[in-house]
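Asks: To start, I am sharing the structure in question, which I have written as structure tokens.
The values are calculated or read from the model by the stated rules, or taken from the named source; none is laboratory data. Everything numeric here is computed off the predicted structure, so don't read it as measured data. As a convention, Cβ positions derive from the backbone with ideal geometry for all residues, glycine included, and neighbour counts pool all protein chains shown. All accessible areas refer to the heavy atoms of the entire protein, side chains included, with ligands and DNA or RNA removed. Shrake-Rupley method; radii C 1.70, N 1.55, O 1.52, S 1.80 Å.
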Amino acid sequence: MTQNTKICFSCCNNKRLSEEHVIPQALGGKLSAWIYCVDCNSQFGAEIDSELIKNIQFFGTALDIKRVRGKNKPYDVALAKNGTKLTFDGREFKRKKPIVKIEKDGDKIKYVDVTARSEGELRKICSNIKKKYDLFDEIKSFEEKHPGPTDTVTEYEFDNEQIRRCVAKIAYSLLCVKLPSDQVLSNAFDEVRNYIRFGAKNHLSSANYVNTGFMTDGIRPLHKIHIRLNRRKNLVIGFVCLFGTFRYTTLLSREFRSALDWPGIDHTIDPITSKFIEGNPSFRAPELDISDVISPKHSKQQVLRALAKGHEIISNYHSSHKFLKIETE
Ligand SMILES: [Zn+2]
């Protein structure tokens, strides 16, 4: 072991570590720690973080959240009425591609209709057309805007294999930050470490809309991680909620033995203000069994209601438009 290496909480080898955001910073996470080696970190980034981020970062864009680095990524939407593709950058809608229509009568140009995303782009397209067709007429232009409220449709997934592993990593990473290393590195957490790295036939995480209502305050699109020890059953259970909308549970350990009862471990952040929010220290999360964690019995209606509520919170935070239309399969 050289001075530059430390133990990685994922592969458990002594390696060079890199900085890990407990909640991806692309989603507004701020808490970070040097807990995983460069290799594990980049594997996670490419394999599981990217899947979660790809699907739900448009909520961050819509809320215009603060990020440690990088910019919120504009996302594509389709206008509900005619399917026109637009992008939304958190402030305004823009056409995804310029539209150029040229109508000819034989070799002669009858008319040219250009819809561009900016004046600069319009000038460029027009001057190219003029050059190509030897036109001398001035091209008249007018501005088209898509201000809110705009009825748009966008699709996302919030529950699949990679997202479940990513959620397990989010909860496990907080555990790495909060618990003494020898406890985290004990065999009790081997199963979840392997699940995060390689996946497993039987999932340890799931989207969960039963017994997770406490994870959202119903007002703000907060990110929250809560970890509860059930000492009687030796279970360590992680609860994760993103944007006050997407709620998950993960089985961090089914064989954790501790002489001490811990208080719940909590981490809550407002991704819009980047402020941490103190939890109530005497709060006790519901005591769940393994099946409650990995195969919750929630109805489709229950999930849809919770998503609708979450979307309402997000829309209210961004009052200039209602950008979400919920159609869940
Ligand atoms: Zn590693």
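Asks: Yes or no: region 81-98 includes at least one residue that is out of contact with any Pro (no Cβ under 6 Å at 6 or more places or on another chain), of a type in the set (A, V, I, L, M) and more than 16 Å from the ligand (Cβ to nearest atom).
Replies: Checking region 81-98: at least one residue is out of contact with any Pro (no Cβ under 6 Å at 6 or more places or on another chain), of a type in the set (A, V, I, L, M) and more than 16 Å from the ligand (Cβ to nearest atom).
Asks: Being under 30 Å from T61 (Cα atoms) and either of a type in the set (K, R) or open to solvent by 100 Å² or more (accessible area, probe 1.4 Å) (or both) is the filter here, so list the residues in region 91-140 that pass it.
Replies: Answer for region 91-140, where residues must be under 30 Å from T61 (Cα atoms) and either of a type in the set (K, R) or open to solvent by 100 Å² or more (accessible area, probe 1.4 Å) (or both): R91, K94, R95, K96, K97, R117, E119, R123, K124.
Asks: Residues that are outside any loop (DSSP other than H, G, I, E, B) and within 22 Å of F158 (Cβ to Cβ): does region 87-105 have at least one?
Replies: Checked region 87-105: at least one residue is outside any loop (DSSP other than H, G, I, E, B) and within 22 Å of F158 (Cβ to Cβ).
Asks: Here is a further query. Are there any pairs with C-beta distances below 7 angstrom linking a residue in region 39-68 that is in contact (Cβ under 8 Å) with a residue 60 or more places away in the chain and farther than 30 Å from I219 by Cβ to a residue that is more than 13 Å from the ligand (Cβ to nearest atom) and open to solvent by 10 Å² or more (accessible area, probe 1.4 Å), with the two at least 6 apart or on different chains, and if so which?
Replies: E47/Q162
Asks: For region 106-125, name all the residues that are part of a strand (DSSP E or B) and hydroxyl-bearing (S, T, Y).
Replies: Within region 106-125, Y111, T115 meet the criteria.
Asks: Here's something else I'd like to know. If you go through region 63-89 one residue at a time, how many are closer than 17 Å to D270 by Cα and in contact with a Leu (Cβ under 8 Å, 6 or more places away or on another chain)?
Replies: 1
Asks: Taking the conditions exactly as written (under 23 Å from Q25 (Cα atoms) and either modelled with pLDDT under 95 or open to solvent by 30 Å² or more (accessible area, probe 1.4 Å) (or both)), does I314 satisfy them or not?
Replies: Yes, satisfied.
Asks: Give me a count of the residues in region 10-19 that are of a type in the set (G, A, S) and either more than 10 Å from the ligand (Cβ to nearest atom) or open to solvent by 20 Å² or more (accessible area, probe 1.4 Å) (or both).
Replies: 1
Asks: From the list V77, V22, pick out the single residue that is in contact (Cβ under 8 Å) with a residue 24 or more places away in the chain, within 23 Å of R164 (Cβ to Cβ) and more than 10 Å from the ligand (Cβ to nearest atom).
Replies: V22
Asks: Take the conditions closer than 16 Å to V184 by Cα and either touching a Pro at 6+ places or on another chain (Cβ under 7 Å) or assigned by TED's automatic domain parsing to the domain that holds T250 (or both) and apply them to G213. Does it pass?
Replies: The answer is no for G213.
Asks: Further question on the same structure: Residues that are open to solvent by less than 10 Å² (accessible area, probe 1.4 Å), more than 10 Å from the ligand (Cβ to nearest atom) and closer than 16 Å to F198 by Cβ: does region 34-49 have at least one?
Replies: Yes, there is a match, as at least one residue in region 34-49 is open to solvent by less than 10 Å² (accessible area, probe 1.4 Å), more than 10 Å from the ligand (Cβ to nearest atom) and closer than 16 Å to F198 by Cβ.
Asks: A follow-up question, please. Across region 177-192, what is the total count of residues that are touching a residue at least 24 places away in the same chain (Cβ under 8 Å), open to solvent by 10 Å² or more (accessible area, probe 1.4 Å) and assigned to a helix (DSSP H, G or I)?
Replies: Selection size over region 177-192: 7.
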